[in-house]
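Report on the following structure.
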Amino acid sequence: MEDPRRRIPRTDHLLALPAVRAAAESLSLPVVRGLVRGIQDRARRGEIAPAAVESEVIAAVSARRASSLSPVLNATGVVVHTNLGRAPLSDAARQALAQAAGYVDVELDLATGTRSGRGAAARAALLAACPAAEDALVVNNGAAALVLATTALAAGAEVVVGRGELIEIGAGFRLPDLIASTGARLHEVGTTNRTYPADYAAALGAVTGCVLKVHPSNFRVSGFTAEATITELSGLCREHGVPLVADLGSGLLAPDPVLPEEPDAAGALAAGADLVIASGDKLLGGPQAGLLLGRAELIARLARHPLARAVRADKLTLAALEATLTGGEPPVARALHADPAELRRRAEALAAALRETLPDGPAGDRPGEIGSSAIEVVAHDGRVGGGGGAGVPLPGWAVALPVAAAGPLRTGTPAVLPRVHEGRCLLDLRCIPDSDDARVLAAALSALAGLGAPGTNGAPGTDGAGEPA
Ligand SMILES: *Cc1c(COP(=O)(O)O)cnc(C)c1O
């Protein structure tokens, strides 16, 4: 009898199929070959019939995308969600990214045909948004901005910092370790809960490179506490001729009434900080970037340092950052300022549409099937996330579903990340544009429909709140 494996189509035949060639236009040849080989191997092992190889290859090649990152609808209520890539970009920033993807005049003056300052437009947009700054520099991220500042100002010298500000924020970011890696020595002052201007005064001396104030971001010390303010420290620093650097983390350029405790760049500079550091992809709502704002002389020193080249921002970042600052309101700002009454109206509409499809009462006829009374609208506080506004609740509403819906929601298309909390699956629409409400409804319908069918319940997953920063 003929070995059925001899009937497995050959690689060149499969690669030449019109449907495969069409799909392969957006894939590399090694990726296509890998998919083909994998399916041929399955046929050799007898897992699929030789006759099915062609259709399997066409299906696999058509389904494969060049980037495997999946868009996610963020129904957690956490605005700056680290596990979801922090800030979603504004429409203007998305367009700018696409335009900057080709050749662009990032370092060229088209009028004269000569080289120009890299990222001049992003710098100008930052200065327009934060006029308190004399100059600005954009680098790869907030951590890079801090490394550049402490290296340029304090390598071989001391960084004076309050003991209560030696923070760890999210995976792999321990401020003391980062600073130690620059060759600067940490000079800790005060205690975990109380630090006074006099503690800094006693520490300042000939070996001081800079004084660093760090916003603790994702935690708060309360009770018996004291800290030296930027205003208090700026006088001291000026007397000693030492720069005062403030790492704000969050990236607010101006105060936001929703977050009264959150420091902002304009305020910190007005209070006397010489240099302010912030992230681009937290509350600013832009791309990953480290922003340095402040005195022109210090920015120039940082820009001249050899390390600046190692942490420089790419053209995509510069384009998206400029557009974030000059274009329409970014999604982060919209989510932060969402009207609770409007969130409630959207949640009620979603719940009503879901209930319509379900049998009355708590459960349906099929095992696992739920009934309309299992869908509730509940008060739900959103969070800033990303190390901003620690502990500040953002009042809003959520649709509560049975916890078993969480897995199917995450693995559906589009993927929806709910918040799993106290045994329920919560859909908070704060971070979802209302133009996507219909997609959330469709995803929830299909997740709930799956619950009645056996073997479709995924793991509920984690809380959905993500890493702190
Ligand atoms: C988030 C944060 C950083 C790190 O910024 P990245 O952009 O994540 O590198 C540094 N300092 C503070 C206070 C922060 O909150």
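The values are calculated or read from the model by the stated rules, or taken from the named source; none is laboratory data. This one's a predicted model, so the numbers in the text were calculated from it and none came from an experiment. A quick note on method: Cβ atoms are made from the backbone with ideal geometry, for glycine too, and the neighbour counts reach across all protein chains shown. What goes into the accessible areas is simple: the full protein's heavy atoms, side chains included, and nothing from ligands, DNA or RNA. Shrake-Rupley method; radii C 1.70, N 1.55, O 1.52, S 1.80 Å.
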ask   = If the Cβ limit is 7 Å and pairs must be 6+ apart or interchain, which residue in the range 171-191 that is under 17 Å from His215 (Cα atoms) pairs with which residue that is among the charged types (D, E, K, R)?
value = Arg174/Glu168; Glu188/Arg163; Val189/Arg163; Val189/Asp199; Gly190/Arg163; Gly190/Asp199; Thr191/Arg163
task = Go through the range 131-148 and count every residue that is more than 11 Å from the ligand (Cβ to nearest atom) and under 30 Å from Ser222 (Cβ atoms).
result = 1
query = In the range 149-171, which residues are of a type in the set (D, E, K, R) and within 11 Å of the ligand (Cβ to nearest atom)?
reply = Glu165, Glu168
Subset of the range 145-169 (residues that are of a type in the set (Gly, Ala, Ser) and open to solvent by 10 Å² or more (accessible area, probe 1.4 Å)) = Ala152, Ala155, Gly156, Ala157, Gly164
query = Among the residues of the range 209-224, is there at least one that is in a loop (DSSP other than H, G, I, E, B), in contact with a Phe, Trp or Tyr (Cβ under 9 Å, 6 or more places away or on another chain) and not hydrophobic (A, V, I, L, M, F, W, C)?
reply = no
note = Exactly one of Glu348, Glu322, Glu356 is surrounded by fewer than 17 Cβ atoms within 10 Å (Cβ to Cβ) and either at pLDDT below 95 or closer than 30 Å to Ala278 by Cα (or both), and that residue is Glu356
remark   = Exception for Val332 within (1) out of contact with any Asp or Glu (no Cβ under 8 Å at 6 or more places or on another chain); (2) in a loop (DSSP other than H, G, I, E, B) falls at (2)
ask   = Restricting attention to the range 104-115, does a residue exist that is away from the ligand (no atom under 16 Å from the Cβ), more than 30 Å from Ser250 (Cα to Cα) and in contact (Cβ under 8 Å) with a residue 24 or more places away in the chain?
value = no
ask   = Of Asp264, Asp281, Asp247, Asp256, which residue is within 10 Å of the ligand (Cβ to nearest atom), over 17 Å from the mean Cα position of the chain (by Cα) and charged (D, E, K, R)?
value = Asp247
task = Would you point out which residue out of Ser250, Ser234, Ser279 is surrounded by 19 or more Cβ atoms within 10 Å (Cβ to Cβ) and at pLDDT below 95?
result = Ser250
Identity of the residue in the range 284-298, surrounded by fewer than 20 Cβ atoms within 10 Å (Cβ to Cβ) and in a helix (DSSP H, G or I), that ends up nearest to the chain's Cα centre (by Cα) = Ala296
ask   = Only one residue in Val61, Val72, Val53 is in contact with a strand residue (DSSP E or B) (Cβ under 7 Å, 6 or more places away or on another chain) and buried (at least 16 other Cβ atoms within 10 Å of the Cβ), so which one is that?
value = Val72
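Results for (1) under 19 Å from Leu236 (Cβ atoms); (2) within 31 Å of the chain's Cα centre (by Cα); (3) of a type in the set (Lys, Arg), shown as yes or no for each residue.
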site	(1), (2), (3)
Glu107	no, yes, no
Leu127	no, yes, no
Asp135	no, yes, no
Ala154	yes, yes, no
Glu165	yes, yes, no
Leu186	yes, yes, no
Tyr196	yes, no, no
Ala202	yes, no, no
ask   = Under the condition of being in a loop (DSSP other than H, G, I, E, B) and away from the ligand (no atom under 16 Å from the Cβ), which residue from the range 225-244 is nearest to Leu321 (Cα to Cα)?
value = Pro243
ask   = Got at least one residue in the range 172-186 being over 15 Å from Leu275 (Cβ atoms) and away from the ligand (no atom under 16 Å from the Cβ)?
value = yes
key: Which numbered condition His215 fails, given (1) surrounded by 20 or more Cβ atoms within 10 Å (Cβ to Cβ); (2) farther than 18 Å from Asp274 by Cβ   = (2)
note = Checked against (1) within 41 Å of the chain's Cα centre (by Cα); (2) open to solvent by 80 Å² or more (accessible area, probe 1.4 Å), Arg5 satisfies every condition except (1)
key: Residue selected from the range 336-345 under the condition of a type outside the set (Lys, Arg) and under 14 Å from Ala398 (Cα atoms), by the criterion most open to solvent (accessible area, probe 1.4 Å)   = Asp339
inquiry  = So, in the range 359-373, how many residues would count as being open to solvent by 30 Å² or more (accessible area, probe 1.4 Å) and in contact (Cβ under 8 Å) with a residue 12 or more places away in the chain?
reply    = 8
